[in-house]
Amino acid sequence: MISTKISKSKFKIFIFPLLLLLIAFVYSFYVVNWPQDKIVANYVSYNKILLSLMQHIRLVIVSASFAIAVSVPLGILLTRPKFKVYSNVVVNIVNIGQTIPSLAILALFVGLLGVGFKSGVFALWVYSLLPILNNTIAGILGVEESIMESAKGMGMTKRRILTKIELPLSYPVIMAGIRTAVTINIGTATLAAFIGAGGLGDLIIAGNNINRWQIVILGALLSALLAILTDYLMGLIEARLKNKQ
């Protein structure tokens, strides 16, 4: 009886991602096999769709990885007593990156790094910093004072308190920040096509330029489904971490 309930639960977890993948496959199949005209037929193929999707995923993974590598250690540093005073200043500086329009950020990095993958990654990196940094600081500062006092009373060193108390307890909050950053990144990454970084934005821009709605919808739909799927999967991880606490 219990094993049956577990099986049903696992089925419910996987049915939503499978539905999203099915929608993506069905629409891609429709465009490739029933293009609206010869221009669409010549432009769209399974290889083209797969290449754009892989480029998009690579942009998001690399930029999000850099953002995590910078924001989490920086957030930890800014919660230490010696550096707390600089917390607002640093967060405000990082926040400036969020206030600048996406295309302006891309144009800025094109001027520094040229067109292509590097500029796309660094522009997305700037956009990913704030949610992860804010949640890292909030998560660590949100650990109850009584728990911290108990740890100190037990003679734990600062390093052990960080690794055994603060990080494990704040990990779900940090994960929520990473989830937000990655989901935003997937949508913003479509703009990277304007600077030659590739991705699903290539389909949207090409479809718009040649006025072919099938290609525009294909790029937009795959990008939206990827964002929903990623958010769903990371939500599952986040919920699992919370349940472990």
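What to note about this one:
- Given (1) touching a Lys or Arg at 6+ places or on another chain (Cβ under 9 Å); (2) open to solvent by less than 10 Å² (accessible area, probe 1.4 Å), index of the condition A206 fails: (2)
- Residue within the range 78-91 that is open to solvent by less than 30 Å² (accessible area, probe 1.4 Å) and in contact (Cβ under 8 Å) with a residue 60 or more places away in the chain present: yes
- The set of residues from the range 96-111 being more than 17 Å from the chain's Cα centre (by Cα) and assigned to a helix (DSSP H, G or I) comprises I96, T99, L103, A104, I105, L106, A107, L108, F109, V110, G111.
- Of the criteria (1) more than 19 Å from the chain's Cα centre (by Cα); (2) under 20 Å from E144 (Cα atoms), which one M175 fails: (1)
- Selection status of I39, out of contact with any Ser or Thr (no Cβ under 9 Å at 6 or more places or on another chain), closer than 29 Å to L203 by Cα and either aliphatic (A, V, I, L, M) or surrounded by 14 or more Cβ atoms within 10 Å (Cβ to Cβ) (or both): yes
- Residue satisfying condition, being touching a helix residue (DSSP H, G or I) at 6+ places or on another chain (Cβ under 9 Å), open to solvent by less than 70 Å² (accessible area, probe 1.4 Å) and farther than 17 Å from A138 by Cα, within set A64, A104, A69: A64
- Per-region count, the range 114-127, residues part of a helix (DSSP H, G or I), within 11 Å of I195 (Cα to Cα) and without any contact (Cβ under 8 Å) to a residue 40 or more places away in the chain: 1
Okay, residues lined up against (1) surrounded by fewer than 22 Cβ atoms within 10 Å (Cβ to Cβ); (2) in contact with a Lys or Arg (Cβ under 6 Å, 6 or more places away or on another chain); (3) at positive phi; (4) at pLDDT below 90:
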position: V115; (1), (2), (3), (4): yes, no, no, yes
position: S119; (1), (2), (3), (4): no, no, no, yes
position: I137; (1), (2), (3), (4): no, no, no, no
position: E149; (1), (2), (3), (4): yes, no, no, yes
position: K158; (1), (2), (3), (4): yes, no, no, yes
position: Y171; (1), (2), (3), (4): yes, no, no, yes
position: M175; (1), (2), (3), (4): yes, no, no, no
position: A181; (1), (2), (3), (4): no, no, no, no
position: G199; (1), (2), (3), (4): no, no, yes, no
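The values are calculated or read from the model by the stated rules, or taken from the named source; none is laboratory data. Because the structure is predicted, anything quoted here is derived from the model rather than measured. Because the Cβ atoms are built from the backbone with ideal geometry, glycine has one as well, and the counts that use them run over all protein chains shown. To get the accessible areas, we keep the full protein, side chains included, count just its heavy atoms, and leave off ligands, DNA and RNA. Shrake-Rupley method; radii C 1.70, N 1.55, O 1.52, S 1.80 Å.
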